[in-house]
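**Student:** Take this structure, written in structure tokens, and hold onto it; I'll ask about it next.
The values are calculated or read from the model by the stated rules, or taken from the named source; none is laboratory data. For clarity, every value in this text was computed on a predicted model and none was experimentally measured. Don't worry about glycine lacking a Cβ; one is built from the backbone with ideal geometry, like all the others, and counts go over all protein chains shown.
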Amino acid sequence: MNASRRSFLSTALLGLPAARIFAQSTAPATLSIQQGETGPTIPQDFVGLSYEVQQLTDPTFFSLANHGLIAQFRALSHSGVLRLGGNTSEFAYWKPTADTQPPSAPNVKTVVGHSVAQFYPVTPQAIRNLAAFLRATGWTCLYGMNLGTNTPARAAEEAAFVAKTLGNRLQYFQIGNEVDLFDKHIRDPKTWSVKEYLKEWLAIARAIVAVVPNAKFGIPDVASKIDWLKEVATLWPTIPNPPHVTTLSHHYYFGGPATNPKVNIPALLSDKSKVIHDAKVASAAAAKMGVRVRMTEGNTCYRGGKPGVSDVFASALWAADYALTLASFGYSGVNLHGGTGKSVANSVGGFLPGDIMLKEAGISGADIQKHPHPFYTPIATFNGKYVAEPVSYGLRFAGLFSGATLLPVDFNPGPVNATAYAAKLPSTHLSFIVINKDATQDLNLTLNFGKARSGVVLQEMLSAPSLEAREAHITRSPKLPHLKDGKLIATVPYATAIRFTLT
């Protein structure tokens, strides 16, 4: 391993260690498959992105003419899922003609971290362009609709056009975004509850079904109150002739906002307690309803991300591990949130807290623009070009298991901060992904491929010069090691993920 691989970039803003060369330690580890068991099969369309509905106010964004964005979507996945929603969806309105007027001004409270209360028009041209974009990328869509300031009649008219135009590229409608937070800005906190939400949701959903009889829906898309999923699952059998719900959905952000010192790389890469808790609750609720479960909006740090955490290589390792953790609980997919700086800023109060951090640290002008806006976006725009950010490489790496059936593993990484996953690929080949999230320690690994006594092992690596690097790479090893007695000895360097596949 060369010296640059062992160096850490100096980042005074975040208090990260100055550049230095580590005397690397290695820790022995073993990894093998638990015999006689299989886990969930990861859907081919597991990988997904989430964008604000406000993006549709520019019909050229999701369009056949946006070649750069199409290329980045296809590089991420040939069959991904685009989710449209976010805080701005609660102020979107259907504008079928040029003279259609927006609804009257919403009677909502201004709350820090919530969308600026202004209306965003969605036009037929934006939907037609979206359909062409989806066909070009091979992706499907989860279409978010306004619950906060909408009416059943307007929703039904919009849904009818969207369903007809998107056709089989539409997976389902999502009515309402982060409805568990409505009591903070858009509904009366004294009366808002799961029951009241379901009452309002049903009024719009039934209006949609009246014009789109085969309409499918996701529910409830909560921000953080995961117990809402349990309550929805409990109440669902009491609803007569319910609309066709296919998916329970929720959001997840590790922490935030950017000014929170607890949002840092060591915490991001080590604390999975809430992820596992939420996944257990959500997957159990979905099983009770007999539907799928999906994380439809999330990322490293809410309100636009944190510079030096959300836009560096550490976020790639987090994304890979987070996505595969949810896959192990049977999730149908993960949608990481992003988009343009303007759309995300409008969704969280008009500004990105990360910019405040940079300015307070004396960073301004062109240096600020070296960071993606928002800081957590999987696909950024620099000088008119679309660029894949580190977090998207992590999601893409996890997507290497799309279509595969997970296999339980026995893994003992010792003192190293590492995780491991195994799967049987659609090709029937056996594959392991090992994610070494440790900042200093390499992992000296013995992989036991079980009954396989010999064969060539393909190695693909997710790496960067350091956890703090503003880059990420997925490469194949030029050397193809062979198994010996069904085992492979390999080193997984610190701050690296490797996939080992028996070919």
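**Student:** When S249 is evaluated against the numbered criteria (1) hydroxyl-bearing (S, T, Y); (2) free of Cβ contacts under 8 Å to residues at least 60 places away in the same chain; (3) in contact with a helix residue (DSSP H, G or I) (Cβ under 9 Å, 6 or more places away or on another chain), which criterion, by number, is the only one it fails?
**Tutor:** (2)
**Student:** I would also like to ask the following. Filter the strands (runs of 3 or more DSSP E) completely within region 396-473 down to those with at least 1 residues that are over 20 Å from G333 (Cα atoms).
**Tutor:** Those strands (runs of 3 or more DSSP E) span 409-412, 418-424, 430-436, 441-448, 457-463.
**Student:** Which of the helices (runs of 4 or more DSSP H) contained wholly in region 279-362 include at least 2 residues that are over 16 Å from the mean Cα position of the chain (by Cα), assigned by TED's automatic domain parsing to the domain that holds G394 and at negative phi?
**Tutor:** Numbers: elements: 313-328, 341-347, 353-360.
Once the helices (runs of 4 or more DSSP H) in region 279-362 are filtered for at least 2 residues that are over 16 Å from the mean Cα position of the chain (by Cα), assigned by TED's automatic domain parsing to the domain that holds G394 and at negative phi, what remains is 341-347, 353-360.
**Student:** Can you name every residue in region 376-397 that is in contact with an Asp or Glu (Cβ under 9 Å, 6 or more places away or on another chain) and aliphatic (A, V, I, L, M)?
**Tutor:** I379, A380, V391
**Student:** Are any residues in region 50-82 under 23 Å from G350 (Cβ atoms) and in a strand (DSSP E or B), and if so, which ones?
**Tutor:** Residues of region 50-82 under 23 Å from G350 (Cβ atoms): 50-58, 61.
Answer for region 50-82, where residues must be under 23 Å from G350 (Cβ atoms) and in a strand (DSSP E or B): S50, Y51, E52.
**Student:** Another question, if that's okay. Inside region 201-226, can you point out the residues that are among the hydrophobic types (A, V, I, L, M, F, W, C), outside any loop (DSSP other than H, G, I, E, B) and in contact with a His (Cβ under 6 Å, 6 or more places away or on another chain)? Explain how you work it out, then say what you get.
**Tutor:** First, pick out the residues of region 201-226 that are among the hydrophobic types (A, V, I, L, M, F, W, C): 201-205, 207-212, 215, 217, 219, 222-223, 226.
Next, from what is left, pick out any that are outside any loop (DSSP other than H, G, I, E, B): 201-205, 207-211, 217, 219, 222.
Selection gives V222 alone.
**Student:** Looking only at region 271-291, how many residues end up being among the polar types (S, T, N, Q) and at pLDDT 95 or above? Break it down stepwise before answering.
**Tutor:** Filtering region 271-291 down to residues among the polar types (S, T, N, Q) leaves 273, 283.
In the following step, the residues that additionally are at pLDDT 95 or above were identified as 283.
Residues meeting the conditions: 1.
**Student:** Out of contact with any Leu (no Cβ under 6 Å at 6 or more places or on another chain), of a type in the set (V, I, T) and under 16 Å from L202 (Cα atoms): does that describe T259?
**Tutor:** Working: out of contact with any Leu (no Cβ under 6 Å at 6 or more places or on another chain): yes; of a type in the set (V, I, T): yes; under 16 Å from L202 (Cα atoms): no.
Taking the combined requirement at face value, the residue does not satisfy it.
**Student:** In this structure, does G365 turn out to be within 29 Å of D221 (Cβ to Cβ) and either surrounded by fewer than 19 Cβ atoms within 10 Å (Cβ to Cβ) or not charged (D, E, K, R) (or both)?
**Tutor:** Values: within 29 Å of D221 (Cβ to Cβ): no; either surrounded by fewer than 19 Cβ atoms within 10 Å (Cβ to Cβ) or not charged (D, E, K, R) (or both): yes.
Answer is no for this residue.
**Student:** Output the number of residues of region 327-342 satisfying the condition of being surrounded by fewer than 24 Cβ atoms within 10 Å (Cβ to Cβ) and not aromatic (F, W, Y).
**Tutor:** 5
**Student:** Being assigned to a helix (DSSP H, G or I) and crowded, with 16+ Cβ neighbours inside 10 Å narrows it down to one of L229, L248, so name that one.
**Tutor:** Numbers: L248 fails: assigned to a helix (DSSP H, G or I).
Result: L229 is the single residue among L229, L248 that is assigned to a helix (DSSP H, G or I) and crowded, with 16+ Cβ neighbours inside 10 Å.
**Student:** Given the conditions (1) farther than 28 Å from A71 by Cβ; (2) crowded, with 20+ Cβ neighbours inside 10 Å; (3) among the basic types (K, R), report the number of the one that R499 does not fulfil.
**Tutor:** The failed condition is (1).
Residue-by-condition table, conditions (1) farther than 28 Å from L76 by Cα; (2) of a type in the set (S, T, N, Q); (3) at pLDDT 95 or above; (4) under 21 Å from the mean Cα position of the chain (by Cα):
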| site | (1), (2), (3), (4) |
| --- | --- |
| V112 | yes, no, no, no |
| V116 | yes, no, no, no |
| F119 | yes, no, no, no |
| V122 | no, no, yes, no |
| A126 | no, no, yes, no |
| A131 | no, no, yes, no |
| A136 | no, no, yes, no |
| L142 | no, no, yes, yes |
| T149 | yes, yes, no, no |
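Each row is one residue, and each column tells you yes or no for (1) charged (D, E, K, R); (2) touching an Asp or Glu at 6+ places or on another chain (Cβ under 9 Å); (3) within 22 Å of D45 (Cα to Cα).
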{"site": "L400", "(1), (2), (3)": "no, yes, yes"}
{"site": "S427", "(1), (2), (3)": "no, no, yes"}
{"site": "E468", "(1), (2), (3)": "yes, no, no"}
{"site": "P478", "(1), (2), (3)": "no, no, no"}
{"site": "K487", "(1), (2), (3)": "yes, no, no"}
{"site": "A490", "(1), (2), (3)": "no, no, no"}
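**Student:** For region 379-418, give me each residue that is among the β-branched types (V, I, T) and either within 21 Å of G308 (Cβ to Cβ) or touching a Ser or Thr at 6+ places or on another chain (Cβ under 8 Å) (or both).
**Tutor:** Applying the first criterion (among the β-branched types (V, I, T)) to region 379-418 yields 379, 381, 387, 391, 405, 409, 416.
Once the filter is applied, which keeps residues that are among the β-branched types (V, I, T) and either within 21 Å of G308 (Cβ to Cβ) or touching a Ser or Thr at 6+ places or on another chain (Cβ under 8 Å) (or both), region 379-418 yields I379, T381, V387, V391, T405, V409.
**Student:** Give me the pairs, please: first residue somewhere in region 30-48 and farther than 14 Å from T405 by Cβ, second residue anywhere and part of a loop (DSSP other than H, G, I, E, B) and modelled with pLDDT of 95 or more, beta-carbon distance under 7 Å, and either six or more positions apart or on two chains.
**Tutor:** The qualifying pairs are D45/S79; D45/G80; V47/S77; V47/G80; V47/S402; G48/G80.
**Student:** Does A472 satisfy being touching a helix residue (DSSP H, G or I) at 6+ places or on another chain (Cβ under 8 Å) and aliphatic (A, V, I, L, M)? Spell out how you get there, then give the answer.
**Tutor:** Numbers: touching a helix residue (DSSP H, G or I) at 6+ places or on another chain (Cβ under 8 Å): yes; aliphatic (A, V, I, L, M): yes.
When the stated conditions are applied, A472 passes them.
**Student:** Kindly evaluate M289 against the criterion of being in contact (Cβ under 8 Å) with a residue 40 or more places away in the chain, surrounded by fewer than 24 Cβ atoms within 10 Å (Cβ to Cβ) and in contact with a Phe, Trp or Tyr (Cβ under 9 Å, 6 or more places away or on another chain). Let's see the steps before the verdict.
**Tutor:** Numbers: in contact (Cβ under 8 Å) with a residue 40 or more places away in the chain: yes; surrounded by fewer than 24 Cβ atoms within 10 Å (Cβ to Cβ): yes; in contact with a Phe, Trp or Tyr (Cβ under 9 Å, 6 or more places away or on another chain): yes.
Taking the combined requirement at face value, the residue satisfies it.
**Student:** Take I379 and decide whether it is within 16 Å of the chain's Cα centre (by Cα), of a type outside the set (F, W, Y) and not assigned by TED's automatic domain parsing to the domain that holds P426. Steps first, answer last, please.
**Tutor:** Values: within 16 Å of the chain's Cα centre (by Cα): yes; of a type outside the set (F, W, Y): yes; not assigned by TED's automatic domain parsing to the domain that holds P426: yes.
Considered against the rule, which asks whether it is within 16 Å of the chain's Cα centre (by Cα), of a type outside the set (F, W, Y) and not assigned by TED's automatic domain parsing to the domain that holds P426, I379 comes out as yes.
**Student:** Now a separate question. Does A490 count as part of a strand (DSSP E or B) and at pLDDT 95 or above? Talk me through it step by step, then tell me what you get.
**Tutor:** Working: part of a strand (DSSP E or B): yes; at pLDDT 95 or above: no.
Answer is no for this residue.
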